[in-house]
Each structure stands twice: as C-alpha cells, then as structure tokens.
Amino acid sequence: MKIGLISDTHGLLRPQALEALRGCARLIHAGDIGKPQILDALRAIAPLTVVRGNNDLDDAWAGDVPHSAMLRVGDVGIYVTHIPADVPQTLPANIDVVVTGHTHKPLIEQRDGVLFINPGSAGPRRFKLPIAVGLLHIDEQGVRGELIELTL
C-alpha cells in the first residue's frame with residue numbers, strides 16, 4: 001500500500017504534487033494548508049488525514065482540523081503533527097511512523113525503532129530547499145519512506 005505525504009502547501013497545490021500523489025490509497029497533509037480547496041483536491045484522490053499547522057491557526061475554516069492525529073493502516077500506527085517539537089517524548093507503543101511538517105526540509109530518519117518522515121514543502125519555495133512530497137510504502141516487509149523532489 002502506498003500512502004502519500006504532503007505538507008506546507010501554504011495555499012499552493014502544484015499540479016506536480018497532485019500527479020506524484022495519484023495512485024495512493026490514502027493521503028496525509030501535515031499542516032500549513034492555506035486554503036480549504038487544497039483539502040478538497042486531495043480528497044478527490046484518496047481518503048485524507050489532515051492536521052492543522054501554525055499558519056492555519058487563525059483560519060475559520062480550519063477550526064475543526066486537529067493539531068495531531070493517529071491512524072492505523074494495516075498493522076502500522078502513524079502519528080501526525082505539524083511541528084516536530086510537538087511530537088510527544090514518549091509515543092504510544094503502537095506508533096511505527098511519525099509524520100511532521102513545518103521545517104520545509106525533507107527528512108527520513110529512524111529513531112528508537114520509529115520512522116520519522118517530513119515530506120518537506122509542496123508549496124512556495126523557502127530559501128533554497130526543494131519542493132517535495134513523500135510516500136510511505138507499507139507491505140509484508142514493513143514500512144519505508146520515500147521523498148520525491150518535484151520538478152517545476
């Protein structure tokens with residue numbers, strides 16, 4: 001199963017990001033959405049889990065968007081929050097993957113047996129960081145992350 005990861009769109013949903021996420025069984029947006037229409041476009045591709053980012057705080061439409069979310073995909077537990085510093089020091093025992101955003105810097109790393117992945121920013125470019133999305137691949141061998149730099 002393939003899960004698409006996107007974050008920090010800041011109101012800009014690029015066609016290249018949509019194309020990279022097509023075919024995913026599920027999508028996760030890790031915050032700083034910018035416009036509710038972005039969520040509608042993502043929901044047209046696959047079921048969507050979304051969390052609120054620090055730039056979504058004053059947006060009335062984002063009032064029902066949670067600050068964090070936990071979901072299970074098969075046997076894989078996933079925790080999602082926007083700001084990496086908001087990840088609890090002690091995660092629930094059933095969490096295998098943590099998805100964050102905020103930094104705009106794509107990242108995949110293992111910490112104490114947990115896969116941490118930040119897909120980077122799919123929205124406006126910040127500094128010289130790449131425009132990117134991510135994927136989680138879940139199969140009988142476990143879960144692995146992939147970062148995809150978008151060609152603009």
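Rule-based calculations on the coordinates, nothing more; no lab input. This structure is a prediction, so every number in the text was calculated from the model and none was measured. No Cβ is skipped: glycine too gets one built from the backbone with ideal geometry, and neighbour counts run over all protein chains shown.
Okay, here's what the table says:
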read-out: Most mobile of 123, 77, 34 in a GNM of the chain (Cα contacts under 10 Å); value: 77
read-out: Interchain or long-range residues, amide H under 5 Å from residue 103's placed H; value: none
read-out: Restricting the stretch 68-130 to trypsin sites (Lys or Arg not before Pro) in coil, as DSSP defines it, with at most 11 other Cβ within 10 Å; value: 128
read-out: Sorted by Cβ density within 10 Å, fewest first, the residues 49, 90, 9; value: 90, 49, 9
read-out: Nonlocal amide H pairs with residue 73, under 5 Å, H built at 1.01 Å; value: 78
read-out: The chain - mean residue ellipticity at 222 nm from DSSP helices (-39,500 (n - 2.57) per run, n ≥ 4, rounded to 500); value: -2500 deg cm²/dmol
read-out: Length-normalised contact order for the chain - Cα pairs under 8 Å, 6+ apart - percent; value: 25
read-out: Exposure proxy order (Cβ contacts within 10 Å, fewest to most) of 83, 108; value: 108, 83
